[in-house]
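Note sheet for the following structure.
Just so it is clear, none of the values below were taken in a lab; they were calculated from the coordinates. The structure displayed is predicted, hence computed values, not measured ones. No Cβ is skipped: glycine too gets one built from the backbone with ideal geometry, and neighbour counts run over all protein chains shown.
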Amino acid sequence: MSFDIKKIRADFPILNQKIYGNPLVYFDNAATTQKPKSVIDVITEYYQKYNANVHRGNYFLSQKCTEANEKARKIVQNFINANYSHEIIFTRGTTDSINLVASSFGEKFISCDDEIIISEMEHHSNIVPWQLLCERKKAKIKVLPFNDKGELIIEKLESLISERTKLIAVNHVSNSLGTINPIKKIIEIAHSHNVPVLIDGAQGIQHQKVDVKDLDCDFYAFSGHKIYAPTGIGVLYGKEKWLEKMHPYQGGGEMIDNVTFKKSTYNKLPFKFEAGTPNYIGAIALGKAIDYLNSIGIENIANYEKKLLKYATEKLSQIENLKIYGTANNKASVISFLIKEIQPYDTGMILDKFGIEVRTGHHCTQPIMKHFNITGTIRASFAFYNTKQEFDILYDRLVEINKMFNQ
Ligand code: PLP
């Protein structure tokens, strides 16, 4: 399909509205994305016509939902090129996926004095679960630093890996800096020391083709709501060899094979990790969102967003007193910046009054803020439905705000 921005924007009903009398300019896509009509419609359709709990009922409605849920799993499998659909675990989101690994993998494979390597540019979701695990197990976290451009200092990785390193967990793309990390290289280095790697793909999956087989990652986690699907659904991809060895994350219905008061045995993959009633409508809607992305083409999306990022970066760089945080050579469409003498929160409040929705604050990455000795940034993050014209609206307001505060 050709990239028809007018048609694409028409697919997202929320974009066509005014905020405080101004056309909405939604630039907080790293926090959550808007949903195309096909995703919204499938949710209504399933609740209106087919709703019944999955994997339980031996009747039409239940079978319909079960089939759709499992079809969605296959759609995810194909989207990321996993070997098997049972390597796709439906979770609540990236945070849930990482906690699953920290809990189950951690329980089995991490002991006292073991080490887990993360990076200095992780979201709190890829820091705190490991800290909780390390507290439980008396293990340690080591941190791979980044340079002032916001690029990981990959040359330091080898020296951080030791006999005791049991896992490396890094993000694909930084939500604050936009850096696309060289995850294939990281995985290669890790595997040369027999260390498995978890990729936090919360900001990676929506901006480029992800091929877990080619990457050879051991785990890849992402959230539905950041990839144009609803909240409350996410994915943990895990290599079968790890998932088979890991203990269940939570106990409850669906994850069991046989239950007695003496002992229970567990269901096969992926159900072993999906205790309780799953968010099957969310999974079905995630499948629809991926269908939608496939119809546009993830490469087309990547190209379009790269052009938008270049345009925005060049223009922002012209504003006197404005500093961009995160100037890596390889970036996704996320720009963090500050204007001298202006609190990010104030800028955000003013922009909001003009219908421009950007994020301000530490973006759940306090260590990044500490690195730059700042408390937060203004972050504009673009999706493929955003336009240069929308960016110009932001640009003009920033020029005005800069004049207002810095003259
Ligand atoms: N990791 C990164 C890099 C993120 O940007 C986010 C959310 O912004 C998360 C993890 C957590 O995602 P969720 O809140 O959907 O679980």
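Worth a mention:
- Neighbour net charge for LEU157 - beta-carbon separation under 14 angstrom, K R +1, D E -1: -2
- The loop-placed trypsin sites (Lys or Arg not before Pro) in region 218-325, going by DSSP, that have at most 14 neighbouring Cβ atoms within 10 Å of their Cβ come out as LYS262, LYS263, LYS268.
- FRET efficiency for the pair ILE256 and GLU135, taken as 1/(1 + (r/R0)^6) with r the Cβ-Cβ distance and R0 = 35 Å, rounds to 0.75.
- Taking trypsin sites (Lys or Arg not before Pro) across region 116-200, the ones in a DSSP loop with at most 11 further Cβ atoms lying within 10 angstrom of their Cβ are LYS138.
- When the charge dipole of region 186-320 is built from unit charges on Cβ atoms (+1 for Lys and Arg, -1 for Asp and Glu) and taken about the Cα centre, the candidate among ALA275, PRO196, GLY224 whose Cα reaches farthest toward its positive end is ALA275.
- Of the residues HIS225, HIS247, the one with the fewest other Cβ atoms within 10 Å heads the list, and the complete ranking is HIS247, HIS225.
- Among THR360, THR91, THR313, residue whose mean-square fluctuation peaks in a GNM of the chain (springs only between Cα atoms under 10 Å): THR313
- Likely footprinting exposure, ILE284, ILE110, fewest C-beta neighbours within 10 Å first: ILE110, ILE284
- Between TYR26, TYR345, TYR237, the Gaussian network model of the chain with springs among Cα atoms under 10 angstrom shows the greatest mean-square fluctuation at TYR345.
- Most simply put, the chain has about 60% antiparallel DSSP beta bridges, counting only bridges with both residues inside it.
- Whole-Å distance, taken between Cα centres, linking region 288-319 and region 65-130: 26
- Taking Cβ atoms as reference points and 12 Å as the exclusive limit, the residues near SER295 contribute a net charge of -1, counting Lys and Arg as +1 and Asp and Glu as -1.
- Sparsely packed loop sites in region 288-356 (the GluC sites (Glu not before Pro) outside DSSP H, G, I, E and B with at most 13 other Cβ atoms within 10 Å) comprise GLU320, GLU341.
- FRET efficiency estimate (nearest 0.05) - Cβ-Cβ, LYS156 to ALA52, R0 51 angstrom: 0.45
- Computed log10 I(q)/I(0) for the chain at 0.06, 0.11 Å⁻¹: -0.25, -0.84, from the Debye equation with unit scatterers placed on every C-alpha and solvent omitted.
- Around GLU244: net Lys/Arg minus Asp/Glu count, Cβ-Cβ under 13 Å: +3
- Listed by chain and number, the lysines whose alpha-carbon sits under 16 Å from that of LYS268, ignoring those within fewer than 8 places in the same chain, are LYS239, LYS241, LYS245.
- Extending 7 Å from the Cα toward the beta-carbon at both THR231 and LYS323 defines two label points whose distance is 3.4 nm.
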